[in-house]
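**Q** Supplied in structure tokens, the structure appears directly below.
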Amino acid sequence: MKYWLCYIAVCLVHIGLATPALGERIELTTGEVLIAPVIDQDGRTLVLQHPVLGRISLPMSLVKAMLPEQPAVARNANIEAAPVAEAPAVAVPVGETPAAALPADEADVHEALAANRFWDNWDARLEMGVNGTQGNSDTSNFRLGFGATKETNRDRWDFAAVYNLAADGGKTNRHEGHTRVLKDWLMPGSAWFWFARGRAEFDEFQDWDYRVSGSGGPGYILVDEPKLRAVLRAGMGAQKEFGSTDNELVPEASFGGELVWEFAKGHKLTASST
């Protein structure tokens, strides 16, 4: 980890001394400056395509200002260039600067860039549905769900929890819920990654009270585009039931895939199977 951080720090120093390429000039609250095209920005995360460091995801809390970068003007020592009037650069704030500056130590700065705090920059959703009928038969259904996802250049998280309750003719015929979590450990520069998945559930109308399962193994990124991602996962795991006649730990194999397509800004279509 230390060698990786040192490599990033050296690259940033060389980039600061080199002639900048066209792109956006990103000024960080730590005093660092990155010059690279912006490929995505959603108000919480800024994604850059850096010519040396590759794809970088930054939390907006680390971004102090963003300016359009001007091309460098070649100068001849024997010819004095005519002065060119320049419009004053106006810094456009894109995030709140923390009251206290982050530590100036390079390791701390780059650790903050690549691995922001666990509870920052989650995309969360809450869903609730209620419906029913009355007439020849009286039915009612209630559903409550919560989900959250997070992605950095080092890992991906996907968490979800669902609760369902239904009745027919005044008698409950569905009462179940589950929660699951999936984490991918990414390897920058490689299509391979590692994953771990866990799931816990209860169901009143099964021959078990609770069931837990988990699995892990390697994964492979088939497609990784700004608007489209397709991955495969395969691994080994186990499942255990509680409150049933069969309470043995059962080994399992796990195979699955996932497709995420952002067909419009802020709108995604996700399909997955395990």
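The values are calculated or read from the model by the stated rules, or taken from the named source; none is laboratory data. Nothing here was measured: the structure is a model prediction, and the numbers come from that model. So basically every Cβ, Gly included, is an ideal-geometry build from the backbone, and we count neighbours across all protein chains shown. SASA here: full protein model, heavy atoms, side chains in, ligands and nucleic acids out. Shrake-Rupley method; radii C 1.70, N 1.55, O 1.52, S 1.80 Å.
**Q** Could you check the stretch 224-242 and list, in sequence order, the residues that are under 22 Å from D123 (Cα atoms) and either surrounded by 10 or more Cβ atoms within 10 Å (Cβ to Cβ) or among the β-branched types (V, I, T) (or both)?
**A** Restricting attention to the stretch 224-242, the residues satisfying the condition of being under 22 Å from D123 (Cα atoms) are 224-231.
Selection gives D224, P226, K227, L228, R229, A230, V231.
**Q** Determine whether the stretch 153-162 contains at least one residue that is of a type in the set (A, V, I, L, M), free of Cβ contacts under 8 Å to residues at least 24 places away in the same chain, open to solvent by 40 Å² or more (accessible area, probe 1.4 Å) and over 30 Å from G54 (Cβ atoms). Before the answer, list the steps.
**A** Start the filter on the stretch 153-162 by keeping residues that are of a type in the set (A, V, I, L, M), which leaves 160-162.
Still in the running and free of Cβ contacts under 8 Å to residues at least 24 places away in the same chain: 160-162.
When the remaining residues are screened for being open to solvent by 40 Å² or more (accessible area, probe 1.4 Å), the result is none.
Looking through the stretch 153-162, none of the residues is of a type in the set (A, V, I, L, M), free of Cβ contacts under 8 Å to residues at least 24 places away in the same chain, open to solvent by 40 Å² or more (accessible area, probe 1.4 Å) and over 30 Å from G54 (Cβ atoms).
**Q** Also, I was wondering about something else. Inside the stretch 26-46, can you point out the residues that are acidic (D, E) and over 11 Å from M66 (Cβ atoms)?
**A** Of everything in the stretch 26-46, those that are acidic (D, E) and over 11 Å from M66 (Cβ atoms) turn out to be E32, D40, D42.
**Q** Scan the stretch 243-271 residue by residue and report those that are under 21 Å from D203 (Cβ atoms) and either open to solvent by 90 Å² or more (accessible area, probe 1.4 Å) or of a type in the set (G, A, S) (or both). Walk me through it before giving the result.
**A** Keep residues of the stretch 243-271 that are under 21 Å from D203 (Cβ atoms), which gives 243-250, 252, 254.
Within the stretch 243-271, G243, S244, T245, E248, L249, S254 qualify.
**Q** Among R25, R55, R75, which is open to solvent by 40 Å² or more (accessible area, probe 1.4 Å), within 19 Å of G189 (Cα to Cα) and either part of a loop (DSSP other than H, G, I, E, B) or at pLDDT 80 or above (or both)?
**A** Details: R25 fails: within 19 Å of G189 (Cα to Cα); R75 fails: within 19 Å of G189 (Cα to Cα).
Going through R25, R55, R75 in turn, the sole match is R55.
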